[in-house]
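The values are calculated or read from the model by the stated rules, or taken from the named source; none is laboratory data. Every value quoted in this text rests on a predicted model; they were computed, and no experiment measured them. Methodologically, a virtual Cβ is constructed for each residue, glycine included, from the backbone with ideal geometry; neighbour enumeration extends over all protein chains shown. Keep in mind that these areas ignore ligands, DNA and RNA; they rest on the heavy atoms of the full protein, side chains included. Shrake-Rupley method; radii C 1.70, N 1.55, O 1.52, S 1.80 Å.
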Amino acid sequence: MSVKGTLIPIGGNEDKGIEQSEIYTLEYIQEGILSRVVRESGGKEALIVVIPTASSIPNEVSENYLQAFGKLGCKNVHIMDIRNRAEAEDPLHLDLMKKADCVMFSGGDQSKIVQYIGGTLLHKIIQKRYEKDKFVIAGTSAGAMCMSQEMIKGGGIKEAFTKGAVLMGEGMGFLPNLIIDSHFIRRGRFGRLAEAVARFPKLIGIGLAEDTGLVIKNCNIVEVIGSGMVILFDPRKLKHNNQAMVENGTPMSLNNLKTHILANGDRFDIKKKKLKISPHHIKVIESQTL
């Protein structure tokens, strides 16, 4: 898949789907990572469209984005809060997306993004812009997870690495070769991402810590940004995988699941399966909060 656009999935650090407390923990994006989004989009004059569809508090989230981008000197920022599929077909929304340099999806519930936008004219315009133009698709937490073709919909950590603990569904399809999980370290999501790649062993699993993101060029070259870490599961040379054989609720076993721990500046070539580790003295510039 050859594309001209750039993807920037971010691990987030808001509580997803907890309406009554989400507002108090909505430190949803970091200044350094957000400034990288702006740079990739063409600078302060870029037309940026924020879609808070995943959030249960879209007004608060939208205001936070406007303030955050405003601190970086951006004045051409628009909110597009899609709450049903008809709104995703609105000619005004479609026209705005055709002119945009960047679209950014907020955190919340990734299934809402797919439910209200997936397969609509708006989705098709975003996909076409991503393939044909120097267009940026960014997203934090749920906005990052929805980027993959095979999307993690949910699943807790109580069941750990047991079959059926992770819920999967169709995502937005911007990344056909990866599965993304967010809040990976703090919420202990090792087991659910491991099961996800066991179910789809031709796909690479990406676990994003909070305050951490990726810049993905040509749907292949991956650069780590932010102050945290990225856990990468590469199942493509598994020697044993009993996921298909055991019953739901039963522990699974994998053998030869290649795992990498990456940090700021590290790079990964998905197709060639090659890592490029940055010098240990690299300065972390994407770690400050707004």
Expressed in angstrom and rounded, the centroid-to-centroid distance over alpha carbons for region 29-108 and region 195-265 is 28
Defining a contact as two alpha carbons under 8 Å apart and six or more residues distant in sequence, what relative contact order in percent does region 64-151 show?
33
Is the shape of region 172-214 rounded, prolate or oblate, going by the alpha carbon gyration tensor and its root eigenvalues a ≥ b ≥ c, with a/c under 1.5 for rounded and a/b larger than b/c for prolate?
oblate
Which residues qualify? For Lys153, with a placed amide H closer than 5 Å and at least 5 residues away or on another chain, they are Leu167, Met168, Gly169
Using a Förster distance of 51 Å, the FRET efficiency for Asn59-Asn218 (Cβ separation, nearest 0.05):
0.90
Tilt of helix 31-41 relative to the longest C-alpha principal axis of the chain, in degrees (0 to 90, nearest 10)?
70
Where does helix 58-71 land angle-wise versus the long Cα axis of the chain, in degrees 0 to 90, nearest 10?
70
Tally up the carbon and sulfur contribution to the accessible surface of the chain as a whole percent, 1.4 Å probe, everything protein left in place.
51
Roughly what % of DSSP beta bridges within the chain run antiparallel, to the nearest 5?
60
Would you kindly state the longest site-free stretch of the chain, with sites defined as GluC sites (Glu not before Pro) in a DSSP loop (not H, G, I, E, B) surrounded by at most 12 other Cβ atoms within 10 Å?
46-246
Plugging the Cβ-Cβ distance of Arg187 and Glu131 into 1/(1 + (r/R0)^6) at R0 = 35 Å yields, to the nearest 0.05, a FRET efficiency of 0.60
Past 20 Å, Cα to Cα: identify those pairs from Lys153/Lys217; Lys237/Lys273; Lys44/Lys124; Lys112/Lys153, in the order given.
Lys153/Lys217; Lys44/Lys124
So what is the accessible area of the chain per residue, in Å², with the probe set to 1.4 Å?
44
Residues with amide H under 5 Å of Leu257's amide H, sequence separation 5 or more or different chain, H placed in the peptide plane at 1.01 Å from N; which?
none
Globularity index of the chain, i.e. its alpha-carbon radius of gyration over 2.2 N^0.38 Å
0.95
Viscosity 0.890 mPa s, temperature 25 °C: Stokes-Einstein D of region 31-144 from its Kirkwood Cα radius, in µm² per second?
177
Would you mind checking the tilt of helix 121-132 against the longest principal axis of the Cα atoms of the chain, expressed as 0 to 90 degrees and rounded to 10?
80
Share of antiparallel DSSP beta bridges in region 117-233, in percent to the nearest 5?
75
